[in-house]
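K.L.:
Sharing a structure below in structure tokens format, with a few things to ask.
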Amino acid sequence: METVSQGKLSEVVFLRLKENPVFAALGDDVVRNLVSSSQIKYFKPGEILIQQGDVGDFAYLILEGCVSVELELPTGTSEIAIVDAGGIIGEMSVFSNTMRSATVRATKDITAARLERSVIRGFVVKHPDVALGIIAELGNRLQEINRPLASLTQAAEALRNDEFKPELLESLKSDAGRFKHFAYIFEGMANEITSKMRLRQEMQMAQDIQQAFLPSVHSAPHKGADYQISAEMIAAKNVGGDFYDYFAINEDKLGIVIGDVSGKGVPAALFMAASRTVVKTTALLELPPAECLTRVNTTIAEDNEEMMFVTLFYGVMNIRTGRFTYCNGGHNPGYVLGGATSPHPLPPTGGAIGISETMKFEQAEIDLEPSQMLFLYTDGVTESVHKNGQQFTEKRLANLLSENQALDSQSLVQLVQNEVNVFAEGLDRFDDTTCLAFSLQRPD
């Protein structure tokens, strides 16, 4: 620490001070007195020049290097500005006798001139007119702060209302002054928030696509027929590609389908919509399930450049006889409830749809009695995760079905969905959960 009173360094200090409007208002005499009384200080990167909360009685003129202005908040420390060589820090406290509003830390090797309040105060007492100039300049300094704050407030309000535009950010940058670094931090935050907003919109779009393709609860085919069918899909936060459908093929036959598309988000929802349309269109040709899925697979696989796939369970129920002919393309095994071996699984009869154009499919048949029920589901049920990392599992589902096979179709679907909710204990679902139950009307 050496006192500087003359020479090249003192001239640099003098010229730097004269460039600052606040100190320039003091006049050459007092500025030279400041120079002669100033001390040169040196700081290493990471060292603190000014501490937030301290009472200030000096300012620093940065001669060489760069400092970071940091605001200490209850949630942590935030860098709000960067001051390069030629900048002055701490002058507000010198003139206003207030506590430091921020911490200043060296980010490079610093050479700085320390400017004492006592010298400035003594000159102001002798020359009151100078005080007016200082007040005016301090007012200008506040205006310089107010402009970026106003721009920041406007940009933040627009961001909250989803009305943010790049022009607002350019205005903030142009008005930011020494707070330009903060403006760039806000830009990164705004871009991230905007991106998340777009993602949420895409997720909502995907959910809307899914819901639009599900059959209405009020549109059950074969009005007045002696059967019950109930289904429910609960979409995950990150939308997957579950779907189900049921439709009349002719007066005696009901098509039943449940599927799960690989992937999540809008791509999965669109692939789901295409898959569901192809399945239903092909099924209405009254083809046997194995032939139906063979055609569906060929159609989907030949133009599947993204290599997505869908697991699919498709069956045809003769509502007059109870004969159920089905084909399971890589999907979870359905269950038949009721009877000596209940719940009885219906294993896959082929691979997933869309992987290979040459995939072979087989079909199987069962006779569903009025005392029995068909239950189908997607892997979002069995792979639902507890907070301890355990999954719901096939075994837990089979036990649940075995203990509640006397329920009607709607009650059983709701029970399974509720049990998945209880098991997850409030955790967000990472996959859609879909259940479908069918039964012939039970005799009185």
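K.L.:
Restrict the check to the stretch 407-430 and report whether at least one residue is in contact (Cβ under 8 Å) with a residue 40 or more places away in the chain, assigned to a loop (DSSP other than H, G, I, E, B), surrounded by 14 or more Cβ atoms within 10 Å (Cβ to Cβ) and basic (Lys, Arg).
P.N.:
yes
K.L.:
State the number of residues belonging to the stretch 93-111 that are within 16 Å of Phe23 (Cα to Cα) and crowded, with 20+ Cβ neighbours inside 10 Å.
P.N.:
3
K.L.:
If you scan the stretch 361-382, which residues turn out to be over 18 Å from Gly315 (Cβ atoms) and not hydrophobic (A, V, I, L, M, F, W, C)?
P.N.:
Taking the stretch 361-382 as the starting set, the residues that turn out to be over 18 Å from Gly315 (Cβ atoms) are 371, 379-382.
Residues satisfying the conditions are Ser371, Asp379, Gly380, Thr382.
K.L.:
Would you confirm, using the coordinates I've provided, whether Thr378 is closer than 22 Å to Val416 by Cα and in contact (Cβ under 8 Å) with a residue 40 or more places away in the chain?
P.N.:
On the way: closer than 22 Å to Val416 by Cα: yes; in contact (Cβ under 8 Å) with a residue 40 or more places away in the chain: yes.
Yes: the conditions hold for Thr378.
K.L.:
All but one of (1) of a type in the set (Asp, Glu); (2) buried (at least 24 other Cβ atoms within 10 Å of the Cβ); (3) over 18 Å from Thr433 (Cα atoms) hold for Glu302; which doesn't?
P.N.:
(2)
K.L.:
Okay, next question. Are any of the residues in the stretch 65-83 at negative phi, surrounded by fewer than 16 Cβ atoms within 10 Å (Cβ to Cβ) and modelled with pLDDT of 85 or more?
P.N.:
Checked the stretch 65-83: no residue is at negative phi, surrounded by fewer than 16 Cβ atoms within 10 Å (Cβ to Cβ) and modelled with pLDDT of 85 or more.
K.L.:
Against the condition under 15 Å from Thr434 (Cβ atoms), in the same structural domain as Val416 (by TED's automatic domain parsing) and part of a loop (DSSP other than H, G, I, E, B), how does Ala236 come out, does it pass?
P.N.:
For Ala236, the condition - under 15 Å from Thr434 (Cβ atoms), in the same structural domain as Val416 (by TED's automatic domain parsing) and part of a loop (DSSP other than H, G, I, E, B) - is met.
K.L.:
Within the stretch 312-331, which residues are within 30 Å of Leu270 (Cβ to Cβ) and either of a type in the set (Phe, Trp, Tyr) or in contact (Cβ under 8 Å) with a residue 60 or more places away in the chain (or both)?
P.N.:
Across the stretch 312-331, the qualifying residues are Phe313, Tyr314, Gly315, Val316, Met317, Tyr326, His331.
K.L.:
Within the stretch 396-405, is even one residue assigned to a strand (DSSP E or B) and in the same structural domain as Ala225 (by TED's automatic domain parsing)?
P.N.:
Taking the stretch 396-405 first, the residues assigned to a strand (DSSP E or B) are none.
No, every residue in the stretch 396-405 fails to be assigned to a strand (DSSP E or B) and in the same structural domain as Ala225 (by TED's automatic domain parsing).
K.L.:
Still on this structure, I have one more. Looking at the stretch 320-362 only, could you name the residues that are more than 42 Å from the chain's Cα centre (by Cα) and closer than 19 Å to Ala301 by Cα?
P.N.:
Our first condition is that a residue be more than 42 Å from the chain's Cα centre (by Cα); within the stretch 320-362, this holds for 320-325, 338-342, 362.
Residue satisfying the conditions is Glu362 alone.
K.L.:
Using the structure shown, decide if Glu291 is surrounded by fewer than 24 Cβ atoms within 10 Å (Cβ to Cβ) and assigned to a loop (DSSP other than H, G, I, E, B). Steps first, please.
P.N.:
Numbers: surrounded by fewer than 24 Cβ atoms within 10 Å (Cβ to Cβ): yes; assigned to a loop (DSSP other than H, G, I, E, B): no.
Here the answer is no, as Glu291 does not meet what is asked.
K.L.:
Separate question: Confirm whether Ser96 is hydroxyl-bearing (Ser, Thr, Tyr), on the phi < 0 side of the Ramachandran plot and in contact with a helix residue (DSSP H, G or I) (Cβ under 7 Å, 6 or more places away or on another chain).
P.N.:
Working: hydroxyl-bearing (Ser, Thr, Tyr): yes; on the phi < 0 side of the Ramachandran plot: yes; in contact with a helix residue (DSSP H, G or I) (Cβ under 7 Å, 6 or more places away or on another chain): no.
Considered against the rule, which asks whether it is hydroxyl-bearing (Ser, Thr, Tyr), on the phi < 0 side of the Ramachandran plot and in contact with a helix residue (DSSP H, G or I) (Cβ under 7 Å, 6 or more places away or on another chain), Ser96 comes out as no.
K.L.:
Can you tell me which residue in the stretch 3-18 is modelled with the lowest pLDDT, limited to those that are over 56 Å from the mean Cα position of the chain (by Cα) and in a helix (DSSP H, G or I)?
P.N.:
Gly7
K.L.:
Are any of the residues in the stretch 278-291 hydrophobic (A, V, I, L, M, F, W, C), at pLDDT 90 or above and either touching a Leu at 6+ places or on another chain (Cβ under 8 Å) or within 24 Å of Val416 (Cα to Cα) (or both)? Can you show your working first?
P.N.:
At the first step, the residues of the stretch 278-291 found to be hydrophobic (A, V, I, L, M, F, W, C) are 278-279, 283-285, 287, 290.
Subsequent filtering for residues that are at pLDDT 90 or above retains 278-279, 283-285, 287, 290.
In the following step, the residues that additionally are either touching a Leu at 6+ places or on another chain (Cβ under 8 Å) or within 24 Å of Val416 (Cα to Cα) (or both) were identified as 279.
Yes, the stretch 278-291 contains a residue that is hydrophobic (A, V, I, L, M, F, W, C), at pLDDT 90 or above and either touching a Leu at 6+ places or on another chain (Cβ under 8 Å) or within 24 Å of Val416 (Cα to Cα) (or both).
K.L.:
Inside the stretch 19-98, counting only strands (runs of 3 or more DSSP E) that do not spill past its ends, which hold 3 or more residues that are more than 38 Å from the chain's Cα centre (by Cα) and not charged (D, E, K, R)?
P.N.:
On the way: elements: 39-43, 48-50, 58-64, 66-73, 76-84.
Ranges flagged: 39-43, 58-64.
The values are calculated or read from the model by the stated rules, or taken from the named source; none is laboratory data. Note that the coordinates shown come from a computational prediction; the quantities given were computed from them, not determined experimentally. Reconstructed Cβ throughout: ideal geometry from the backbone, glycine too, with neighbour counts over all protein chains shown.
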